[in-house]
Amino acid sequence: MLTLQSVNSFYGGSHILHDIDFSLETGKILSVLGRNGVGKSTLLKTLMGLTSSMTGKLTLNEVELGEQTTFYRARSGMGYVPQGREIIPDFSVKENILMGRFADQSSKAEIPDIVPELFPYLMDNLDRAGGLLSGGQQQQLAIARAIATNPQVLLLDEPTEGIQPNIVEQIEDCILRLNKELNLTIILVEQNIRFAKRASDEFLILDNGRLVCQGSGNELTDDLANQYLTI
Amino acid sequence: MLDTVFIGLSIGSILLLVALGLSIVYGSMGVINMAHGELVMMGAYTTVIAQTYLGFNLFAAIPLAFIVCAGLGLLIERLVIRRLYNRLFDTLLATWGVAILLQQAIRLEFGLSFFGIHIEGLGPGLQSVTLPEIMTESFTVGEFVIQPYRTFIILVSALLAVLTWFLMYRTRIGQQVRAIMRNPDMAAACGIDVKKVNALTFAYGAGLAGVAGVMMSGFKTVMPDMGSSLVVDGFLVVVVGGVGSLVGSIVASGILGQLNGVVAFFSNDIIARAVVFAAVIAIIIWRPRGLFNYKGR
């Protein structure tokens with residue numbers, strides 16, 4: 001169970017997120033929706049400890065993480081796929097994936113078993129530089145790296161953004177499979193309402209850094225989308 | 001002429017040892033360590049002290065200087081640099097302050113007013129290190145005169161460059177350092193303890209500076225300000241080679257060392273230094289990110 005209580009987040013002196021409260025049960029998918037610049041990516045960065053500071057309470061399975069550093073959160077089960085992927089271009093595919101293993105101190109530096117099943121292309125190109133992959137392949141690589149951290153919660157920031165349409169569906173299927181097969185809790189920042197509706201057990205909508213609406217996945221209607229998401 | 005090339009190689013080797021530490025530290029931590037030259041000086045003084053008081057010869061002083069300077073580096077990182085991450089100019093000023101502090105500490109003979117420790121024979125006076133006998137007598141191979149100590153410097157530098165390459169590219173700690181150089185936030189999000197790795201990186205760079213100090217103590221007078229100009233030379237190598245690039249540091253130290261040696265042979269040291277600076281300016285105009293850029297400056 002992931003719980004946020006009165007979470008506020010800051011970049012320097014700028015107050016970005018205001019009093020965010022929600023909880024998410026293990027194995028559920030939560031979509032975070034909202035217009036550009038409302039704080040969706042900041043919410044994920046806050047969960048990872050990548051903003052300047054935060055206040056409030058953040059617990060994962062009753063372990064308090066709000067005061068902890070980013071690396072500690074990663075070792076405690078938070079896996080992160082950032083917007084723009086941020087793979088290391090001159091690392092090989094293998095090195096990029098194995099970066100994730102630093103979060104899992106208990107096991108050997110080996111690629112997790114599920115990665116070859118999900119991303120056979122990556123396994124066939126382990127020695128290739130990450131920077132030479134296409135956008136979709138880099139997204140697969142970023143997800144594989146996050147899986148290698150052995151997460152309990154996977155934070156995905158617009159995983160289908162800028163990906164060619166035929167690959168988008170593969171990535172969506174892969175996210176759903178991770179949720180089902182590994183019972184992974186997933187928080188998905190998404191602009192793609194179709195996928196959010198398809199995947200979400202729950203959703204929340206942010207506006208100006210505040211949580212303005214939340215509910216179960218089947219309550220995510222076109223009316224809500226029109227009210228909060230159209231420009 | 002071969003002798004000149006050989007001298008240039010040995011100068012380049014010292015530059016390489018100095019630049020390796022600077023380059024890795026700046027590449028991974030974004031810290032311009034102005035005290036790096038003083039860490040070289042501390043390595044040289046460690047040799048003097050070890051020889052005078054412990055009876056160590058120069059060979060035995062190498063690991064000792066590495067440990068002393070790495071420990072000192074760890075202390076500087078913990079006390080000063082860790083508090084100033086992401087503040088480039090503040091770290092520059094703070095490490096300059098540390099440099100002055102270290103120089104003055106030595107001038108004060110580890111200070112009557114410093115820690116109350118007095119070490120005979122240090123002080124403001126000049127110091128020299130006695131080389132082991134095996135290092136003092138030149139021999140010839142054909143027409144080529146081999147100077148054993150300069151050969152030793154080249155070998156030690158080559159060995160440490162290979163060791164550094166191995167650590168950086170063949171170990172998990174090296175992968176962590178390279179990941180931090182590229183993307184510290186993602187490195188942390190992958191479970192890498194960035195502060196701890198940075199501290200170890202800084203200590204390793206300081207240790208290399210210490211070894212450079214041992215090497216220098218064998219052919220230069222050991223004095224408190226011997227490191228001041230070295231830090232500039234080290235940064236010239238880093239800028240020319242490309243920040244964080246091991247290969248860049250090796251190539252740049254070779255180029256600058258040879259240029260210095262050859263020009264000094266045909267003219268004098270002052271002109272050689274001017275030519276080196278002119279060459280550096282030309283190279284950074286031609287390739288602003290250095291010859292082998294790993295991370296932009």
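Read-outs throughout are calculated quantities, based only on the coordinates presented, and are distinct from any laboratory measurement. Fair warning: this is a prediction, and the values are worked out from it, not measured in the lab. So basically every Cβ, Gly included, is an ideal-geometry build from the backbone, and we count neighbours across all protein chains shown.
Worth a mention:
- For chain A, the longest principal axis of the alpha carbon atoms and the long axis of helix A:165-182 meet at an angle near 80°.
- Kyte-Doolittle at least 0.5, axis length at least 24 Å by Cα - qualifying DSSP helices, chain B: B:2-29, B:58-79, B:88-107, B:148-170, B:194-217, B:246-266, B:269-286
- When both the range A:54-110 and the range B:226-297 are represented by their alpha-carbon centers, they are found 39 Å apart.
- Taking the helices alone, chain B has a mean residue ellipticity at 222 nm of -23500 deg cm²/dmol, built from -39,500 (n - 2.57) per DSSP H run of at least 4 residues and averaged over all its residues.
- 16 Å cut-off, amide nitrogen to a point 7 angstrom out along B:L167 Cα→Cβ, residues in the range B:194-224: B:196-214
- Only helical runs count toward this figure. For chain A, summing -39,500 (n - 2.57) over DSSP H runs of n ≥ 4 and dividing by all residues gives -9500 deg cm²/dmol at 222 nm.
- Tail fraction, Cα-Cα pairs, chain B, threshold 25 Å, whole percent: 47 percent
- For chain B, built as a Gaussian network whose Cα springs stay under 10 Å, the top-fluctuating residue of B:N198, B:N86, B:N57: B:N86
- Cα centroid separation, the range B:162-188 to the range B:19-72 (Å): 22 Å
- log₁₀ of I(q)/I(0) at q = 0.15, 0.17, 0.21 Å⁻¹ - the range B:162-297, Debye sum with one point per alpha carbon: -0.87, -1.05, -1.33
- Dipole magnitude of chain B about its Cα centre (Cβ charges: Lys, Arg +1; Asp, Glu -1), debye to nearest 20: 1240 debye
- Shielding by other protein chains, A:148-154, mean Cβ within 10 Å: 1
- Packing-based exposure ordering (other Cβ within 10 Å, fewest first) of B:F152, B:F89, B:F202: B:F89, B:F152, B:F202
- The simple spin-label model puts a point 7 Å past each Cα toward its Cβ; for B:L54 and A:N226 those points are separated by 8.1 nm.
- Look at the alpha carbon pairs under 8 Å that are at least 6 residues apart: their mean separation over the length of the range A:2-229 gives a relative contact order of 28 percent.
- Chain B: most fluctuating residue of B:L17, B:L92, B:L54 per GNM, C-alpha cutoff 10 Å: B:L54
- From least to most packed, judged by other beta carbons within 10 angstrom and beginning with the fewest, A:T59, A:T230, A:T42 follow the order A:T230, A:T59, A:T42.
- When B:D225, A:D207 are arranged by Cβ crowding within 10 Å, least crowded first, meaning fewest neighbours, the order is B:D225, A:D207.
- Extended-chain gain in nm, criterion 0.36 nm per residue less alpha-carbon gap, A:S107 and A:Y121: 2.6 nm
- Whole-Å distance, taken between Cα centres, linking the range A:141-188 and the range A:27-48: 15 Å
- When you work out D = kT/(6 pi eta Rh) for the range A:135-215 at 25 °C and 0.890 mPa s, using the Kirkwood radius from C-alpha pairs as Rh and the Stokes-Einstein form, the result is 183 µm²/s.
- Listed residues A:I29, A:I193, A:I143, most fluctuating in chain A (Gaussian network, C-alpha, under 10 Å): A:I193
- Count, lysine Cα pairs under 23 Å in the protein assembly as shown, 8 or more residues apart or across chains: 17
- Extending 7 Å from the Cα toward the beta-carbon at both B:D90 and B:L75 defines two label points whose distance is 2.3 nm.
- Hull-based mean projected area of chain A, where the convex hull spans the alpha carbons, in square nanometres: 12.0 nm²
- Fraction in percent of alpha-carbon pairs per bin - 20 Å, the protein assembly as shown: 21, 43, 26, 10, 0
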